[in-house]
Every structure is written in structure tokens, then in C-alpha cells.
Amino acid sequence: MNTATVGLAAGMALGFAGFFGGFWAFLLVAVLGGVGLVVGLALQGSLDTGSFLRRQR
């Protein structure tokens, strides 16, 4: 899947959540989608989590 298709699917999911569940469902889907994105990027290796965990000297 390309980026446009993933963006379309995410937008549709947020739209359905907002329409059928209201604002709080929309917000929950958006937050959980963001968490899933960060976890997916970390597992893929595109996100350097070590820089967040290391102390600045």
C-alpha cells in the first residue's frame, strides 16, 4: 500500500468514528492511531528510540 491509500483509510476511519461515536470516539481513534504509528515506526527501525532514552551530556 502506498502512503496515499494509508492516509485515505486513516481519514475514513476517523470520519466514521466522529460520525457514529462523536468527538470522544474521534479523539480516541486519533490518539490510538498515533500510538500505533510510533510503535510501527519503532519496530520497522525508522524511529531511533535510543535518542529519546539517552541522557544529554
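Applying 1/(1 + (r/R0)^6) with R0 = 30 Å to the Cβ-Cβ distance of LEU8 and SER51 gives a FRET efficiency near 0.45. Approximating the spin labels as points 7 Å out from Cα along Cα→Cβ, the PHE23-to-GLN44 distance works out to 3.2 nm. Say we join alpha carbon atoms closer than 10 Å with springs in a Gaussian network model of the chain; which of ALA42, ALA25, ALA17 then has the biggest fluctuation? Per the Cα network of the chain with a 10 Å cutoff, ALA42 tops the list.
Shown in residue order for the range 28-44 are the 3J(HN,Hα) couplings computed by the Karplus curve 6.51 cos²θ - 1.76 cosθ + 1.60 at θ = phi - 60°: 4, 5, 5, 5, 5, x, x, 5, x, 5, 5, 5, x, 5, 5, 5, 6 Hz (x for Gly and Pro). Axis of helix 3-21 versus longest Cα principal axis of the chain: the two differ by about 50°, to the nearest ten degrees.
Every number in this text was worked out from the coordinates using simple rules, so none of it is lab data. This is a predicted model, so every value here is computed, not measured. Quick reminder, even Gly has a Cβ in these numbers, built from the backbone with ideal geometry, and neighbours come from all protein chains shown.
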